[in-house]
């Protein structure tokens, strides 16, 4: 039997990317500024991490306009939701895994 950590998604082991995915998992579509503020990171950090998630097919970036102002919103893709859910299940399995029996020092 393999250790549950084998089911972790390498991309989501990064705390900021995990935080972004966790927030987006709760929402259908989120404004870029909302995600930035909730995750407590700068625009540039969010942009870099979202780019990594987007390249992996986990996040979709939706750009449109409100009047003449550009608007950027983010959402998990269906694949992103699947990967995020599997990652969380792997974390839960790690937390619930039984402790190894203590070695008898005698």
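Okay, here's what the table says:
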| item | result |
| --- | --- |
| Criterion violated by residue 94 - all others in (1) surrounded by 14 or more Cβ atoms within 10 Å (Cβ to Cβ); (2) in contact with a helix residue (DSSP H, G or I) (Cβ under 6 Å, 6 or more places away or on another chain) satisfied | (1) |
| Output for the range 39-74, where each listed residue is touching a strand residue (DSSP E or B) at 6+ places or on another chain (Cβ under 8 Å), surrounded by 13 or more Cβ atoms within 10 Å (Cβ to Cβ) and without any contact (Cβ under 8 Å) to a residue 24 or more places away in the chain | 54, 60, 61 |
| Qualifying residue in the range 41-53 (condition: closer than 30 Å to residue 98 by Cα, assigned to a helix (DSSP H, G or I), at pLDDT 95 or above and under 13 Å from the mean Cα position of the chain (by Cα)) | no |
| Of residues in the range 8-38 being over 21 Å from residue 88 (Cβ atoms) and in contact (Cβ under 8 Å) with a residue 24 or more places away in the chain, the one surrounded by the fewest Cβ atoms within 10 Å (Cβ to Cβ) | 31 |
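The values are calculated or read from the model by the stated rules, or taken from the named source; none is laboratory data. Remember, predicted model here, so these are calculated numbers, not experimental data. When we count neighbours, we look across all protein chains shown, and the Cβ atoms used for this are built from the backbone with ideal geometry, even at glycine.
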